Amino acid sequence: MNRTLLGTVLGSVVLAVGGCDGSVRIDLRSEPAAGMLVRVAAPDDLERSIKAGLTAIQGGTEQAALAAGARGGDVSIDGFTGTYTQEKNVDEFDAVRYDGSHLYVAPRRRLGCCFVMDTGQGDAAVDAGGDPEPSIRILATNPVDGTATLESRIPLEEDLTVQGMYLAEDRLFALTAEAYYGGFGGFWADIAIWAPEKLGYRSYDVSDPAAPALEVDVGIDGVFVESRRVGDTVYIVSRYAPWIDGLTYEVTTSEQQAHNEALLADVTLDELLPTITIDGQAQTLVDPVRCFIPSDEDEVGHPVITTVTAVPIDDPTAFTATCYNGQAYGAYVSGKAIYFTEIVAGGSSGRAEKTETRIHKFALDGAVLDYRGSAEIEGQVWRGGQADFRMSEHEGDLRVMASSYDWNDPDFADHRLVVLREAQGRLELDVVSELPNAQRPQEIGKPDEDLYGVRFLADRAYAVTFERIDPLYVIDLSDPADPSIAGELEVTGFSDFLHPVSDDLLLGLGTANATGAVKLELFDVSDLTRPLSRGSVTFNDYSFSEARYDRHAFTYQADVNGVDRLAIPATIPREVGIFGVYETGLYLFEIHDKDRPALSSLLAAGSVHPPMHPDMPFSERSRAFLHGDTIYYVRDEEVWGSFWNAPQIVNGPF
């Protein structure tokens, strides 16, 4: 079977498993029937696959058609909030962390097309200490009076950016990189990334925050993509493309193909693979004999190696790397597995106009990743942004929302729910059910409506579609073999982000109209068949909130004396028109009577407005942490303190 590639062959992935000491863990259990991926029999197989990808002729027909679990959240721990997450037991990296006693603030990362620009410490309105050199700042907090004190700095090189950090007891685990290309999605499908770049991680002992000590400094060949922490293991997804002088990386003619074949004839496999350098000592990152490649012999080889490096946070030199050979376009991590998706133009149907998504499942067991099977479904899952909300694992099943686009059809968009489950005795993911289907033909979305906010919660799914109005769909998944649309509600605007308040209430964050007015709305879903709105708050036209697109900018604190609290950053015009005067601040809201859905309400509770430069009333990164009644608002690199019951009092910057 011949499969066309997505754009260039650069979205490909190679996964291998090897220990940091060169040892290999051999699994002697009997293997199920082969799936879409198979372990390579010899290193030569991997070498041929990579070289085939570097010599394959790329044509216009290879361009795929791309169109424009458990409840997660930053649950309050010992009275303070942390980093918001999609899954309850899966930690997510972020550039600002809080442990209840100290704030850890890394410099902003800036995306300038295809690289990270220098961090803009000097762009802030108020000098928070100069920061003549980039550094991670560690500040001790005093929630009693809403202040913070700088205890120490961790210096960073000028050409290094911190992608994010994890905190685990007395360790700070920082993910580093020389470049940032955005998350999975648009860039990974469209842009050829051929560059000898580095990512890595650094582990610091912060048992004494005033004197952080570097424990290990690790560099990895390639580009940072994604990361999650499950238990004591940090998983780092990266991509690597071998850099060969004189090689043509966009092969479009037979002459270029012959040139590359001749140039690669004397290149060894070691020269094609990434290395990992631990405290100055380099070694190969992946073990080729533990790599997975497509089982279809007709599949074109791939030149890019995407690796999952598993690192025990309490022993950061004992890494294990796992990878596979195929295209990658997205990743979702549950507490038990990591799922990779790739777009396949034509897919198993062989129809060039159809776009399908191939999904590979790897079970997680600490540092060990175990390939469990693959599937292809109609439509595409990833379009950049927070599309991982379109996937959810629950009781072993993977639930997926996918979208298909046909620009020649008056109803150009179709959305479907697919439930996948591991097959017995085969390395495949079987389709348990789809929606809509012959028995339940109602579509998810009205004609021409695109898909926006999606959230899976236990045996329910919520989906928001939009063209002129916002239908909120409630999908009953209590029987995975027979999902159904239980109810829907039409309101103005649409929600990009959905947060579960309780089993009976759902909060939506999005926009109210075409002018981009930020809108929060509380939905009563206690009766699946009859969802209702329990009130909304709409900001001014042309307003903006980072929390619509970055869940780490959304802060939620449940059950403070029976009231839930939430905070979102927003930039709001204070004069009519798009070119008016803007103001950026942190806006506070409360949800009352959540245990009585019919009486529940969403109420504004004030806002925190630190001073800003009048010529630059915007911020690039906002985070907030609630500690009791105290608010710590991190705007860019500045830290401000305030109080829930007196937000007009603003301390700082610190």
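The values are calculated or read from the model by the stated rules, or taken from the named source; none is laboratory data. Bear in mind that the values here come from a model prediction, so they are computed numbers and not experimental data. Every residue, glycine among them, receives a Cβ derived from its backbone with ideal geometry; neighbour counts consider all protein chains shown. Note: areas computed on protein heavy atoms with side chains; ligands, DNA, RNA excluded. Shrake-Rupley method; radii C 1.70, N 1.55, O 1.52, S 1.80 Å.
Across region 603-638, what is the number of residues that are more than 12 Å from THR584 (Cα to Cα), of a type in the set (Ser, Thr, Tyr) and out of contact with any Ser or Thr (no Cβ under 7 Å at 6 or more places or on another chain)?
Residues in region 603-638 being more than 12 Å from THR584 (Cα to Cα), of a type in the set (Ser, Thr, Tyr) and out of contact with any Ser or Thr (no Cβ under 7 Å at 6 or more places or on another chain): 1 in total.
Any idea which of ASP91, ASP74 is under 22 Å from the mean Cα position of the chain (by Cα), of a type outside the set (Ser, Thr, Tyr), at pLDDT 90 or above and open to solvent by less than 50 Å² (accessible area, probe 1.4 Å)?
Values: ASP74 fails: at pLDDT 90 or above.
Checking each option against the conditions leaves just ASP91.
Might you let me know whether region 525-542 holds any residue that is under 23 Å from ILE631 (Cβ atoms), open to solvent by less than 10 Å² (accessible area, probe 1.4 Å) and part of a loop (DSSP other than H, G, I, E, B)?
Among the residues of region 525-542, not one is under 23 Å from ILE631 (Cβ atoms), open to solvent by less than 10 Å² (accessible area, probe 1.4 Å) and part of a loop (DSSP other than H, G, I, E, B), which makes the answer no.
Filter region 177-203 for residues that are open to solvent by less than 10 Å² (accessible area, probe 1.4 Å) and modelled with pLDDT of 95 or more; which is farthest from ARG109 (Cα to Cα)?
That would be SER203.
With the condition kept exactly as written, say whether any residue in region 578-598 is assigned to a strand (DSSP E or B), small (Gly, Ala, Ser) and open to solvent by 20 Å² or more (accessible area, probe 1.4 Å). So that I can check it myself, show each step before the final result.
Narrowing region 578-598 to residues assigned to a strand (DSSP E or B): 582-592.
Still in the list and also small (Gly, Ala, Ser): 585.
Okay, now just the ones that are also open to solvent by 20 Å² or more (accessible area, probe 1.4 Å), so none.
No: zero hits.
If you scan region 132-181, which residues turn out to be touching a strand residue (DSSP E or B) at 6+ places or on another chain (Cβ under 7 Å) and not in a strand (DSSP E or B)?
GLU133, PRO143, GLY146, LEU156, LEU160, ASP170, GLU178, ALA179, TYR180, TYR181
Need at least 3 residues that are open to solvent by 10 Å² or more (accessible area, probe 1.4 Å), over 17 Å from LYS361 (Cα atoms) and of a type outside the set (Phe, Trp, Tyr) per element, so show me which strands (runs of 3 or more DSSP E) inside region 278-328 make the cut, counting only ones lying wholly within it. Reasoning before the result, please.
Working: elements: 281-284, 292-294, 305-312, 320-323.
Those strands (runs of 3 or more DSSP E) span 281-284.
Which of the strands (runs of 3 or more DSSP E) found entirely inside region 199-273 contain at least 1 residues meeting this: among the basic types (Lys, Arg)? Explain how you work it out, then say what you get.
Numbers: elements: 213-221, 223-230, 233-240.
Output list reads 223-230, 233-240.
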